[in-house]
Structure formats: structure tokens, C-alpha cells
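Novice: There's a structure below that I have some questions on.
Only the coordinates and a few stated rules stand behind these numbers; no lab work does. This one's a predicted model, so the numbers in the text were calculated from it and none came from an experiment. Neighbour counts run over all protein chains shown; Cβ positions are idealised from the backbone, glycine included.
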Amino acid sequence: MKPKALILQAHGSNRDFDVIEALTLAGADATGIPLNELRMTKTRLADFNLLVLPGGFSYADALGAGKLLALDLASYFADEIFAFVESGKPVIGICNGFQALVKSGILPGGNVIARRVLFPTKQSPVNQEIASGYRPRNDMAATLTFNAQGHFECRWVTLKPISSKCIWTKGLGELIECPIAHGEGNFQTSNQFLISNLQSLDQIALTYTRANGSPANGEYPINPNGSIIDIAGICNPQGNVLGLMPHPENHIHPHQHPQWTRGVNRHSGLALFENGVKYASQI
């Protein structure tokens, strides 16, 4: 039986049908459902085996890229999202979806205080602390901010899968070539400790690299947005949630590669989705 994949569609999403095609090719039964419809029906996230936040410009990126989508997740789907993630089911946020995962606090993850604030329960002691004026520490913050070059970037990049913990990248030996299209893809953290933590916990899933697989070392345009230590994607400590800025769903057919007329057929992004679908079918 094919695992059921849910693609959350917000106003402004524009890569939803691309990722539906990628997941279908990977062996999933993929369905896109608008967030407003999801709120008004009896459909529940728990009915699905895999969850996707696609790319685009949700709510026109008002208040910042992915910010309003992040508020949607925290306001209307908090309990369901928390349960989905904690159950170990695979989740992927691409570009705008990655921005929403970070700005909602789902990624990088692992901060119990932050999670209880974002996904509160009536009896949560954190809620009582907030009511009395407590605010969670912000020294573990990560964000996706404006590209270092100061403008929108639309180009092809090369990615190196490096995390063996992330279920989406585990075992991927080949590089991935795919496009980016974003103005706020610069991954930064509030301090070096968080970066060290991401490294030690194997949460850095993908990095920007040169065509031969050697490090970008921050060089533009190999690293297209200035992300710290060339980070293109990260996962949560559990490894089931992946967020990445590039669009592997836009390189799942040979003809999508810019050099396909020259016989170039390499480094498809389809393997990443096959990993996620395979994992979803086993849990």
C-alpha cells in the first residue's frame, strides 16, 4: 500500500504540484489540500504518513518569508504538527516551507521550552511562567534572512548530502543538482554554540558544494546566499524533519537539467524523495 503524503497548500504556494509529481514518482499517494480547507474539514494530519510544506511565497511573504505560514502552523495546527513530528513520521519543508519550519520553531528543534511555548497545553508549566512575565531564552535562535548579495537568487546549485541521521539524506552517496529561487535563504544562527550543536548532532543535512563535491567555503555563487558554513538544509534531532532552501522537486526528470540537450543526465533530486517515501512506508 502506498504511503499517503499531504502537501499543505497556502495562498501563494507555487511548487505544490511539482512536489506532488516528485512524491508520486517516488511511490507515494500524494494529495494537496489548502490550509483553509484542512481547518474546515474532518481531515487530520494523522491520517497521512508524510507531510510536505512546499515552496512559493505563502501569503505574499508578508511580515517576512514564511512568517505568516509559521503563525498558521502554530495557531491552528500546533497539536497536530507536534504529534506528527513526535511520532517520527517524515516531514519536509522546501524553500518557503523551510522558512516556515524555522520561524515556527519546529527546526532546528530540540529546545523543549520553545516547543512547549509553540505547542502549549493547558497544564503546561511554561504557560504559567509566560503568564507571570517569563519569556524563553533566545540564545538558541536560527533564522533564514536576506541573501548576502542583497537580491533574489535564481540559479542552479550543487548539494552534498552529509547527514546519516536525516532519513531524507541517509545513504545518498551522490550529489544533487537543482535550482534555487529565493530572496531570504541565508541560514544564520544567534551564536556559534548552536552551529556546533547542529554539527555534533548530525543535523546539517545538506551543504552547498562545488560541482566536484569539494566545499564551497562561502564562495559566491557556489554558496548562493551566504549561509553559515554553506548550510543548504538541516534536520531536527530525531532526523525525520528536513528543511532545505533548494528545490530538488524541480530536477526529477532528465529534461529539467539545463544541460540535458548535451546529454547531461546526473544528480537528480528524486532519490531524496524516494528516501522519504520508503521511510514513510515502513512506519
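Novice: Under 10 Å, Cα contacts only: if you run a Gaussian network model on the chain, which one of N49, N96, N265 comes out with the highest mean-square fluctuation?
Specialist: Per the Cα network of the chain with a 10 Å cutoff, N265 tops the list.
Novice: List, in order, the whole-Hz ³J(HN,Hα) value for each residue of region 200-205 obtained from phi through the Karplus relation with A = 6.51, B = -1.76, C = 1.60 and θ = phi - 60°; use x for Gly and Pro.
Specialist: 5, 8, 6, 8, 7, 8
Novice: In a GNM of the chain with a 10 Å cut-off on Cα contacts, which of V102, V52, V85 has the highest mean-square fluctuation?
Specialist: V85
Novice: Pairs of alpha-carbon atoms within less than 8 angstrom and 6+ residues apart define the contacts here; what relative contact order does the chain have, in percent?
Specialist: That works out to 20 percent.
Novice: Sequence-distant or interchain residues sharing an amide H contact under 5 Å with F57, placed H: which?
Specialist: Excluding prolines and chain starts, which carry no amide H, the hits are S13, N14.
Novice: Another question, then. Sort by residue number and name the cysteines in the chain that have no neighbouring cysteine Cβ under 4.7 Å.
Specialist: C95, C154, C178
Novice: Here is a further query. Determine, for the chain, the count of lysine pairs separated by eight or more sequence positions (or lying on different chains) whose alpha-carbon distance falls under 19 Å.
Specialist: Number of lysine pairs found: 12.
Novice: Which cross-chain or sequence-distant (5 or more) residues have an amide H under 5 Å from the amide H of G32, H modelled 1.01 Å from N in plane?
Specialist: The answer is I7.
Novice: Report the net charge of residues surrounding F146, where surrounding means a beta-carbon distance below 11 angstrom and charges are Lys +1, Arg +1, Asp -1, Glu -1.
Specialist: -2
Novice: Under the definition of Cα pairs under 8 Å and six or more residues apart, what whole-number percent is the relative contact order of region 135-247?
Specialist: Rounded, it is 32 percent for region 135-247.
Novice: Same structure, new question: Suppose every K and R has +1 on its Cβ and every D and E has -1 on its Cβ; what is the size of the dipole of region 4-281 about the Cα centre, in Debye to the nearest 20?
Specialist: Using Cβ point charges on Lys, Arg, Asp and Glu, region 4-281 gives about 360 debye.
Novice: Considering the chain as a Gaussian network with a 10 Å cut-off on Cα pairs, which listed residue, L194, L159, L51, attains the greatest mean-square fluctuation?
Specialist: Looking only at L194, L159, L51, the biggest GNM fluctuation is shown by L194.
Novice: Taking the highest mean first, how do the peptides 143-150, 37-44 order by number of other beta carbon atoms within 10 angstrom per residue?
Specialist: Taking the mean over residues of other Cβ atoms within 10 Å, the ranking is 143-150, 37-44.
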